[in-house]
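Novice: Sharing a structure below in structure tokens format, with a few things to ask.
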Amino acid sequence: MARADRLMQLTQALRRHRRPVTAAVLAEETGVSERTIYRDIISLQVSGVPVRGEAGIGYVLESGFDLPPLMFTPEECEALMLGLRFVRDRSDSGLQRVIDDTRAKIEAILPPALKESFNSASLFAPVYRQREVARIDEGALRLALREWRKIRIRYRDAKEEVTIRVLWPVGIGYFETTRGLSAWCEMRQGFRHFRTDRIEELSLLDEKIPRRRALLMRDWEEALEAERADCDADNRPISRLV
């Protein structure tokens, strides 16, 4: 690998880590020796790249530093196409249009050789079963997540019981035939998971979610881990959706 490409790869590796990372980890990720990492770190610092740290402790790339636009590799083109296909085959019509627009934008910046790799990527994630159709505009759910707003839903569960709930949306999961909304439920005072095709009505509320996004996401992840541990102990499957 040319030295310039190696330095770019090292910079990219540093960008992936928010906390100090050791030369041993960087060497494993970039496929070179630790000695080479130490030399390349010095080269980056001399050239003005704001890398902080020292041997034995770790290195971190200061916030605010950005790389110039980079061209994709053939492998990255394949990964992008796989991701686009995966989401498109599992999403609603509104998000499908966004995926189509994104694909067109990526195609527009690719040179002919890479455009062929992008469009002819042989990586697929097909859906063979019938997808469940949502009764609501799932774009409104994504808007609630972007604007960090509460929502009110009318929900019919698997037992045909109907409830009205005020939720703090956390995320949307895209499964093979369904989409699932993860949220803090004010009625249950806990995290719950809802199939979007069982939401009969949806209203966006003006009220903002009263917790910071990072803190709520952390609590949600901890709740999932606790549920997983309980299910493993009882030898039973995890119930994701209600």
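The values are calculated or read from the model by the stated rules, or taken from the named source; none is laboratory data. The structure displayed is predicted, hence computed values, not measured ones. Neighbour counts run over all protein chains shown; Cβ positions are idealised from the backbone, glycine included. Surface accessibility is based on the protein's heavy atoms, side chains included, excluding ligands, DNA and RNA. Shrake-Rupley method; radii C 1.70, N 1.55, O 1.52, S 1.80 Å.
Novice: Apply the Karplus curve 6.51 cos²θ - 1.76 cosθ + 1.60, θ = phi - 60°, to the phi angles in segment 38-46 and return the couplings in whole Hz, x for Gly and Pro.
Specialist: 4, 5, 5, 4, 4, 4, 5, 5, 5
Novice: Below 8 Å, C-alpha to C-alpha, sequence gap of six or more: please give me the relative contact order for segment 123-242 in percent.
Specialist: Once normalised by length, the contact order is 27 percent.
Novice: In addition: Relative to the first principal axis of the alpha-carbon coordinates of the chain, what is the inclination of helix 213-234, with its axis defined by its Cα atoms, in degrees from 0 to 90 and to the nearest 10?
Specialist: In the chain, helix 213-234 runs at an angle near 70 degrees to the longest axis.
Novice: Mind checking the dipole of the chain: about its Cα centre, +1 per Lys or Arg Cβ, -1 per Asp or Glu Cβ, Debye to the nearest 20?
Specialist: Here the chain has a charge dipole of around 480 debye.
Novice: Write down the accessible area per residue of the chain in Å², having rolled a 1.4 Å probe over the full set of protein chains.
Specialist: 61
Novice: Aspartates and glutamates near residue 159 by alpha-carbon distance under 19 Å, same-chain residues fewer than 8 away left out - which ones?
Specialist: Qualifying aspartates and glutamates at Cα under 19 Å: 132, 197, 200, 201.
Novice: Does segment 4-45 come out rounded, prolate or oblate by the C-alpha gyration tensor, with a ≥ b ≥ c the root eigenvalues, rounded set by a/c under 1.5 and, if not, prolate when a/b is larger than b/c and oblate if not?
Specialist: Because its axes are fairly even, with a/c under 1.5, segment 4-45 counts as rounded.
Novice: Under a straight-distance cross-link criterion of Cα-Cα below 21 Å, which lysines are reachable from residue 150, leaving out those fewer than 8 residues away in the same chain?
Specialist: Cα-Cα hits under 21 Å: 208.
Novice: OK, next. What stretch of the chain, leaving out the sites themselves, is the longest with no chymotrypsin sites (Phe, Trp or Tyr not before Pro) in a DSSP loop having at most 14 other Cβ atoms within 10 Å? Provide the component values of the computation, followed by the final result.
Specialist: Numbers: sites that count: 65, 124, 128, 175.
Longest site-free region, per DSSP loop and neighbour criteria: 176-242.
Novice: Separate question: Check the straight Cα-Cα distances from residue 115 and name the aspartates and glutamates below 20 Å, setting aside those fewer than 8 residues away within the same chain.
Specialist: In chain and number order, the partners are 75, 76, 78, 100, 101, 107.
Novice: According to the square roots a ≥ b ≥ c of the eigenvalues of the Cα gyration tensor, what is the shape class of segment 82-159, taking rounded for a/c under 1.5, prolate for a/b larger than b/c otherwise, and oblate for the remainder?
Specialist: Judged from the Cα gyration tensor, segment 82-159 comes out oblate (a/c at least 1.5, b/c at or above a/b).
Novice: Round to the nearest 10 and give me the degree value, 0 to 90, for the angle of helix 93-109's Cα axis relative to the longest principal axis of the chain.
Specialist: 10
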